[in-house]
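Coordinate-derived values only; no laboratory data. Bear in mind the structure is a predicted one, so any value in this text is a computation, not a measurement. Ideal geometry is used to build each Cβ from the backbone, glycine not excepted, and the neighbour counts take in all protein chains shown.
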Amino acid sequence: MTARPRSDLLVAFDADDTLWHNERLFTDTQERFRSLLRRHCDESLIEQRLYETEVRNLGHYGYGVKAFTLSMVETAIDLTEGAITGEDIQAVLDMGQEMLRAPVELLDGVADVIPALAGRYRLMVLTKGDLLDQETKVARSGLGDHFDFVEVVSRKDRDTYERILDAHGARPEEFVMVGNSLRSDILPVAEMGAVAVHIPYHTTWAHEQVDEGDLGEARYARLGGIAEVPAFLADLENGG
């Protein structure tokens with residue numbers, strides 16, 4: 001039997017909460033952080049101030065566990081007016097290090113789908129975050145050998161996507177982006193005329209959330225899980 005020729009499609013997958021669980025690590029750590037500071041102030045204020053600090057620091061630290069840890073330290077100092085002890089600061093740092101050491105737990109279907117797609121398509125991990133952390137997670141996931149490219153970026157906007165496509169010699173009509181974030185994985189990809197595939201995750205960081213009314217005329221596919229991706233790609237190639 002003659003093997004099918006490899007497709008011209010470049011298929012990119014977001015990493016966190018698309019290939020493996022991530023947001024729940026942040027949710028669990030935030031709960032521990034609130035418990036640490038609740039003797040100083042109301043828990044709702046802790047959550048609000050931490051989020052505000054994270055967003056304010058994006059331009060300085062970017063995304064990822066290390067940025068989150070620094071924002072927790074800053075928030076603790078702020079909310080306690082400098083009274084936070086060295087012991088408590090160490091506890092916050094320990095939380096961050098535990099997140100970095102946490103096992104990489106693949107989402108359902110990923111371990112089967114990615115190897116199956118690897119022989120047919122050019123595959124890419126395209127994710128935001130800290131370079132060392134994300135490269136380490138790709139390696140520990142057991143998926144690394146199935147991807148042709150790994151791109152870790154500081155933001156996912158149209159300029160970033162266009163730069164990556166240019167670097168890899170792909171046209172928008174040859175590019176498919178699969179991810180869980182409407183803001184980062186879907187809107188900028190749809191805007192440039194590429195194929196955006198949304199696979200929702202049950203928890204999404206507030207900064208990545210988009211109101212349905214803000215989607216405008218964006219055209220994208222929404223799938224129930226990664227197990228549906230192979231059939232979607234086959235239909236796409238067949239003009240479906």
Worksheet entry | Backbone HN-Hα couplings from phi across the stretch 81-92 [Karplus 6.51/-1.76/1.60, Hz, Gly and Pro as x] | 6, x, 8, 4, 7, x, 4, 6, 4, 5, 4, 5
Worksheet item: Which whole-number percent gives the relative contact order of the chain, counting Cα pairs below 8 Å spaced six or more residues apart?
Response: 24
Response to the item:
Rounded to the nearest 5, the percent of antiparallel DSSP beta bridges in the chain equals 5
Item to complete: Pop out the ³J(HN,Hα) list for the stretch 21-31 in order, Karplus 6.51 cos²θ - 1.76 cosθ + 1.60 with θ = phi - 60°, rounded to Hz; leave Gly and Pro as x.
Response: 5, 9, 4, 5, 4, 5, 4, 5, 5, 4, 4
Item to complete: Please list, in chain and number order, the residues 5+ apart from residue 130 or on another chain whose amide H is under 5 Å from its amide H, with Hs placed from the backbone.
Response: 65
Worksheet entry | Fluctuation leader among 114, 164, 199 - the chain, Gaussian network, Cα springs under 10 angstrom | 164
Worksheet, complete the sentence: Cross-link reach from residue 66 to lysines, straight Cα distance under 16 Å and at least 8 residues apart if same chain, gives 128, 137
Item to complete: With springs connecting C-alpha atoms under 10 Å apart, model the chain as a Gaussian network and identify which of 47, 174, 87 has the largest mean-square fluctuation.
Response: 87
Response to the item:
Long-range share for the stretch 1-150, i.e. C-alpha pairs more than 19 Å apart as a percent of all pairs, stands at 58
Worksheet entry | Rounded to whole Hz, the Karplus (6.51, -1.76, 1.60) HN-Hα couplings of the stretch 96-109, x for glycine and proline | x, 5, 5, 5, 5, 8, 4, x, 8, 10, 5, 6, 4, x
Discussion item. With a 10 Å cut-off between alpha carbons and a GNM built on the chain, which of 155, 163, 122 moves the most?
Written reply: 163
Discussion item. What is the sum of charges, Lys and Arg at +1 and Asp and Glu at -1, for the other residues whose Cβ falls under 15 Å from the Cβ of residue 163?
Written reply: -1
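So for the stretch 43-159, averaging the separation of alpha carbon pairs under 8 Å that are six or more residues apart and normalising by length, what relative contact order in percent results? Write out the running numbers ahead of the final one.
On the way: 99 pairs, mean separation 29.2, N = 117.
RCO, the stretch 43-159: 25 percent.
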Worksheet entry | the stretch 45-87, dipole about Cα centre (Lys/Arg Cβ +1, Asp/Glu Cβ -1), debye to the nearest 20 | 180
